[in-house]
Amino acid sequence: MATEGEPVDETELATQLSTRGLVRTIADREFRRLDDNRSALVEALAAILNATDAPPIDLHVEDALAELEGRRFFLVQHVLCDLIPLLNVDQEVLLAFITRLLDSGGNDLDTGALSTAFGEWTKKDATRSSKVYESARTGDNRALRQLSTVLLMNADVEEGLIFAQAHDREAKLAAFSALGAMELEERYHEVLDTLTQEASSDDEDTALRSLEAGYRAAAKRKVCAPASVDEQLERVLQTQSPSTIHLAADLLWRYREGLTENVIDLCLYTVADVDPNDILTISHIDHASYQLVRDGRAEQVIRLLGGLIDRSKGKITLGAFQSAYHALTHAGAEVLGSAVVHWLLNGGVHTRICVANEVCSVGSEDPPFSIPTSSLPPAPSDQLFLCRKAVGWFFIDPLAAVAIPLAVLRDGSPDIASDVLNLIYDSLLLSYGGKLKSYLERYVEDGGANGSGITELLERKAAFEDALEGVERLVELHPSEMQREVERAHWNERMERGMEQESRGSIFEDIFTKQYILYGRSSLTPIHTGEGDTNLTEIEMKSFSVSSELPLRNIVDPVGLDQMLVHFKLEPREQR
């Protein structure tokens with residue numbers, strides 16, 4: 001076996017190729033360790049295989065591919081991609097060999113590298129691409145599979161236009177994909193005219209592929225596609241089929257530079273009807289939303305996500321749009337605050353549940369968002385409604401819950417200031433001290449709006465706490481030892497059952513060894529060296545903690561608290 005930096009023995013290599021075949025030879029040599037002499041190995045393989053008495057490249061290929069599992073196939077493929085452009089073998093044999101590799105690789109995106117390597121191979125001799133075109137015109141499936149790549153790698157606009165107007169459907173689709181990705185230069189308008197004409201086809205795949213190619217070509221030139229292309233897109237999107245929705249998502253994600261404002265709005269309207277089970281399209285909508293937020297279109301994304309969640313009745317959640325939500329959080333606290341206000345004010349129950357799950361956290365020192373003045377509704381009744389929704393849905397995180405009421409005190413109607421202050425006191429401050437109390441004290445010190453009102457609330461809170469002093473010593477309020485023991489037993493039982501259910505069927509059970517850490521200050525991990533020795537590495541353990549506060553009202557009046565929160569959550573917005 002060759003090692004890093006070791007010269008390649010061509011005699012030994014030729015013997016291996018003759019007996020083991022090309023694929024097995026590469027796999028046997030563990031080329032992952034050949035970073036320094038990998039190019040030497042590839043050149044040696046090419047020299048041997050290009051000789052007149054060379055063994056066929058597909059020798060034992062079926063058995064060899066059957067032996068390669070998972071990642072090993074793609075490791076072998078990387079070497080083959082370097083090798084293929086250097087070969088001088090029969091085109092039909094090479095095409096059949098690559099087709100067999102593609103079939104073995106399945107739909108993995110990485111297999112596209114094989115087609116690219118074949119495209120590079122055809123660039124070495126003009127007759128090679130011509131033979132691919134001839135075979136494709138006769139309907140040869142192997143040639144049709146490589147047609148798009150060969151057209152693109154050879155930048156053959158003329159042949160691409162010929163195939164785009166051909167009768168064979170597969171050849172058309174391949175040509176559309178190639179033309180959209182090419183540098184068209186002065187032939188841009190000619191190609192766009194052809195693609196627009198094909199977009200009027202009644203065949204959905206033909207229309208969609210030609211439209212995608214047209215917008216891709218426009219985006220490459222950083223110009224908007226012609227109005228004729230937009231008209232065909234509007235016609236096609238009216239069908240609202242899964243394929244057209246997927247196209248709309250792709251246009252927003254990949255080719256937005258080729259879209260006018262009207263087309264962007266049209267695509268956003270179209271993707272709102274995505275099937276909740278269409279995970280791939282939803283993923284593309286997430287990527288598109290991320291880019292739209294970064295382009296300053298956060299408001300459109302906020303409306304889109306809320307509509308998607310409610311229209312799907314909760315089957316789609318914000319968890320499916322982590323990229324978009326990440327963009328909203330990093331666009332600024334006010335951008336996220338605008339999203340929270342919109343979703344609480346206009347969203348349904350499903351959207352508000354998702355917002356609460358994302359916004360509320362334990363251990364935070366400040367609200368995760370801030371509320372810009374422009375995001376508050378103008379009507380006082382809507383402002384108070386928004387405050388109640390914030391308290392109802394964010395109650396578990398008092399800092400998130402109080403952010404919106406404070407924003408209304410600052411920028412909202414003064415006519416409802418007393419109602420908002422009462423809401424802060426009765427709903428939040430009576431239940432929470434700790435971080436909420438400290439946050440309100442800082443708010444007053446920083447000169448926050450209506451500071452005198454907040455100061456009065458804090459004084460009432462202090463008086464309330466003084467009145468409670470000593471209550472904990474009332475024996476009548478303490479549970480008995482039997483009640484404590486029963487509760488501990490129930491808690492232990494629930495924890496054991498929960499851990500068992502969570503671990504059941506988990507993939508981590510098969511990957512990792514279960515370990516129990518009892519009491520200690522460090523851990524020891526065995527490290528196995530290449531010489532067979534084992535070294536123990538000691539890792540010092542560090543302490544960390546997260547504090548949370550249980551609401552007092554959940555202890556003294558759980559039924560009343562629950563009724564209040566349910567009312568705040570489900571209260572309908574006043575119709576005007």
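The values are calculated or read from the model by the stated rules, or taken from the named source; none is laboratory data. In this text the structure is predicted, and so the values were computed from the model without any measurement. With ideal geometry, Cβ positions are generated from the backbone for all residues, glycine too; neighbour counts draw on all protein chains shown. Calculation scope for accessible area: heavy atoms of the full protein, side chains included, ligands and nucleic acids excluded. Shrake-Rupley method; radii C 1.70, N 1.55, O 1.52, S 1.80 Å.
Looking only at region 346-379, which residues are under 22 Å from GLY319 (Cβ atoms) and part of a helix (DSSP H, G or I)?
ASN346, VAL349, HIS350, THR351, ARG352, ILE353, CYS354, VAL355, ALA356, ASN357, GLU358, VAL359
Conditions tested, residue by residue: (1) open to solvent by 10 Å² or more (accessible area, probe 1.4 Å); (2) at pLDDT 95 or above; (3) closer than 23 Å to TYR255 by Cβ.
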{"residue": "ASP125", "(1), (2), (3)": "yes, no, no"}
{"residue": "ASN141", "(1), (2), (3)": "yes, no, no"}
{"residue": "SER200", "(1), (2), (3)": "yes, no, yes"}
{"residue": "GLU212", "(1), (2), (3)": "yes, yes, yes"}
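In this structure, does ILE316 turn out to be outside any helix (DSSP H, G or I) and in contact (Cβ under 8 Å) with a residue 12 or more places away in the chain? Answer is yes for this residue.
Per the listing THR52, THR99, THR25, the residue uniquely open to solvent by 60 Å² or more (accessible area, probe 1.4 Å) and either in a helix (DSSP H, G or I) or of a type in the set (S, T, N, Q) (or both) is THR52. Selection of region 362-393 for residues being closer than 23 Å to SER547 by Cβ and in contact with a Leu (Cβ under 9 Å, 6 or more places away or on another chain) yields SER364, GLU365, ASP366, PRO367, PRO368, PHE369, ALA390, VAL391, TRP393.
May I ask you to list the residues in region 162-198 that are under 15 Å from SER130 (Cα atoms) and surrounded by fewer than 18 Cβ atoms within 10 Å (Cβ to Cβ)? Selection gives ILE162 alone.
To keep it simple, each residue is scored yes or no on (1) over 25 Å from ALA219 (Cα atoms); (2) in contact with a Gly (Cβ under 7 Å, 6 or more places away or on another chain); (3) assigned to a loop (DSSP other than H, G, I, E, B).
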position: ARG128; (1), (2), (3): yes, no, no
position: GLU134; (1), (2), (3): yes, no, no
position: ARG145; (1), (2), (3): yes, no, no
position: VAL150; (1), (2), (3): no, yes, no
position: LEU161; (1), (2), (3): no, no, no
position: LEU173; (1), (2), (3): no, no, no
position: GLU186; (1), (2), (3): no, no, no
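If you filter region 513-537 down to residues that are open to solvent by less than 100 Å² (accessible area, probe 1.4 Å) and polar (S, T, N, Q), you find that the one that is modelled with the lowest pLDDT is THR529. The lone criterion from (1) among the basic types (Lys, Arg); (2) at pLDDT below 90; (3) under 30 Å from PRO372 (Cβ atoms) left unmet by ARG494 is number (3). Close Cβ contacts (under 9 Å, 6 or more residues apart or on different chains) running from residues in region 40-55 that are farther than 12 Å from LEU87 by Cβ to residues that are assigned to a helix (DSSP H, G or I) and polar (S, T, N, Q) comprise PRO55/SER18; PRO55/THR19. Looking only at residues of region 274-313 that are outside any helix (DSSP H, G or I) and open to solvent by 30 Å² or more (accessible area, probe 1.4 Å), we find that the one that is nearest to GLN238 (Cα to Cα) is ASP275. Select from region 55-73 the residues that are assigned to a helix (DSSP H, G or I) and crowded, with 16+ Cβ neighbours inside 10 Å and write down the one among them that is nearest to the chain's Cα centre (by Cα). Across region 55-73, the extreme among qualifying residues is PHE73.
If I ask for residues that are in a loop (DSSP other than H, G, I, E, B) and either under 26 Å from the mean Cα position of the chain (by Cα) or touching a residue at least 12 places away in the same chain (Cβ under 8 Å) (or both), which ones from region 233-257 would you list? Within region 233-257, THR239, GLN240, SER241, TYR255 qualify.
Scanning region 324-364 for residues that are of a type in the set (Gly, Ala, Ser), under 18 Å from the mean Cα position of the chain (by Cα) and open to solvent by 40 Å² or more (accessible area, probe 1.4 Å) returns a single hit, ALA331. Tell me yes or no: at least one residue of region 562-569 is open to solvent by 100 Å² or more (accessible area, probe 1.4 Å), modelled with pLDDT under 70 and not in a loop (DSSP other than H, G, I, E, B). The answer is no, given that none of the residues of region 562-569 is open to solvent by 100 Å² or more (accessible area, probe 1.4 Å), modelled with pLDDT under 70 and not in a loop (DSSP other than H, G, I, E, B). Among the conditions (1) surrounded by fewer than 24 Cβ atoms within 10 Å (Cβ to Cβ); (2) more than 30 Å from the chain's Cα centre (by Cα), the only one that PRO372 does not satisfy is (2).
In region 440-450, the residue that is nearest to SER548 (Cα to Cα) out of those that are assigned to a helix (DSSP H, G or I) and over 39 Å from the mean Cα position of the chain (by Cα) is GLU441. Any residue in region 240-253 that is under 26 Å from HIS189 (Cβ atoms), open to solvent by 40 Å² or more (accessible area, probe 1.4 Å), in contact with a helix residue (DSSP H, G or I) (Cβ under 8 Å, 6 or more places away or on another chain) and at pLDDT 95 or above? Yes, region 240-253 contains a residue that is under 26 Å from HIS189 (Cβ atoms), open to solvent by 40 Å² or more (accessible area, probe 1.4 Å), in contact with a helix residue (DSSP H, G or I) (Cβ under 8 Å, 6 or more places away or on another chain) and at pLDDT 95 or above. Scanning region 538-559 for residues that are among the hydroxyl-bearing types (Ser, Thr, Tyr) and open to solvent by 80 Å² or more (accessible area, probe 1.4 Å) returns SER543, SER545, SER548.
Please verify whether region 67-88 includes one or more residues that are in contact with an Asp or Glu (Cβ under 7 Å, 6 or more places away or on another chain) and among the aromatic types (Phe, Trp, Tyr). Checking region 67-88: at least one residue is in contact with an Asp or Glu (Cβ under 7 Å, 6 or more places away or on another chain) and among the aromatic types (Phe, Trp, Tyr).
Within region 214-232, track down each residue that is touching a Phe, Trp or Tyr at 6+ places or on another chain (Cβ under 8 Å) and either open to solvent by less than 60 Å² (accessible area, probe 1.4 Å) or part of a helix (DSSP H, G or I) (or both). Of everything in region 214-232, those that are touching a Phe, Trp or Tyr at 6+ places or on another chain (Cβ under 8 Å) and either open to solvent by less than 60 Å² (accessible area, probe 1.4 Å) or part of a helix (DSSP H, G or I) (or both) turn out to be TYR215, ARG216, ALA217, ALA218, ALA219, ALA225, VAL229. Taken together, the residues in region 399-439 that are within 34 Å of the chain's Cα centre (by Cα) and open to solvent by 20 Å² or more (accessible area, probe 1.4 Å) amount to 1. For region 462-477, check the following and say yes or no: at least one residue is open to solvent by less than 10 Å² (accessible area, probe 1.4 Å) and either over 19 Å from VAL359 (Cβ atoms) or of a type in the set (Gly, Ala, Ser) (or both). No, because not a single residue in region 462-477 is open to solvent by less than 10 Å² (accessible area, probe 1.4 Å) and either over 19 Å from VAL359 (Cβ atoms) or of a type in the set (Gly, Ala, Ser) (or both).
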